[in-house]
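The values are calculated or read from the model by the stated rules, or taken from the named source; none is laboratory data. Remember, predicted model here, so these are calculated numbers, not experimental data. Cβ sites come from the backbone with ideal geometry, for glycine too, and all protein chains shown count toward neighbours.
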Amino acid sequence: MTTDISARLKDLGHTLPDAARPSFNYTSVTVHQGVAYVSGQLPKIDGEIRVFGKVGCEVDIDQAREQAIVCILQAMACLEAELGSLDRVLRILKLNGYVASAAGFNDQPRVIDAASDLLVQVFGEAGRHARAAVGVAELPRNAAVEIDMVVAVRDD
């Protein structure tokens, strides 16, 4: 039985944005031997980052969690563009979350949990994944959060 991931997203109040196009020399998604590698996604809305700075200073934790959701929606949009349908996802294997962190901020897991929670809501147990939540000094374009992921996919 095929699930309708798009319908589940809609039921949760989310729609996927247009898939971001890379600004530099890489692809958004590479698929090899049943595994999709989704490049790092910044929290872009209509192609623009709207929240800037370090979490624990210019960005509060609730804003950062919202940015993590924007990132994971963008990652899913890129994955859907590459696969043709998110219904081909067998399992989310690994998520890496990067949080631009002010000195002393150490609640990166709570920020990235927003993305992890959404993946489980959308994909059920297949959305449960291994993960890293890492504090970094800087992210591209002064973004607060960046997320990449590795996904097992079904052949067409």
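Are any residues in region 26-55 more than 13 Å from the chain's Cα centre (by Cα), assigned to a loop (DSSP other than H, G, I, E, B) and at pLDDT 95 or above, and if so, which ones? Within region 26-55, 26, 27, 33, 34, 50, 51, 53, 54 qualify.
Does residue 29 meet the test of being touching a residue at least 12 places away in the same chain (Cβ under 8 Å), crowded, with 17+ Cβ neighbours inside 10 Å and in contact with a helix residue (DSSP H, G or I) (Cβ under 7 Å, 6 or more places away or on another chain)?
Yes.
Results for (1) within 20 Å of residue 4 (Cβ to Cβ); (2) out of contact with any Lys or Arg (no Cβ under 7 Å at 6 or more places or on another chain); (3) exposed (fewer than 14 other Cβ atoms within 10 Å of the Cβ), shown as yes or no for each residue.
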| position | (1), (2), (3) |
| --- | --- |
| 77 | yes, yes, no |
| 80 | yes, yes, no |
| 91 | yes, yes, no |
| 95 | no, no, no |
| 114 | no, no, no |
| 124 | yes, yes, yes |
| 130 | no, no, yes |
| 141 | no, yes, yes |
| 145 | no, yes, no |
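If only one of 132, 114, 68, 100 is in contact (Cβ under 8 Å) with a residue 24 or more places away in the chain, outside any helix (DSSP H, G or I), of a type outside the set (Phe, Trp, Tyr) and touching a helix residue (DSSP H, G or I) at 6+ places or on another chain (Cβ under 8 Å), which one is it? Reasoning before the result, please.
Working: 132 fails: touching a helix residue (DSSP H, G or I) at 6+ places or on another chain (Cβ under 8 Å); 114 fails: outside any helix (DSSP H, G or I); 68 fails: outside any helix (DSSP H, G or I).
One residue alone meets the criteria, 100.
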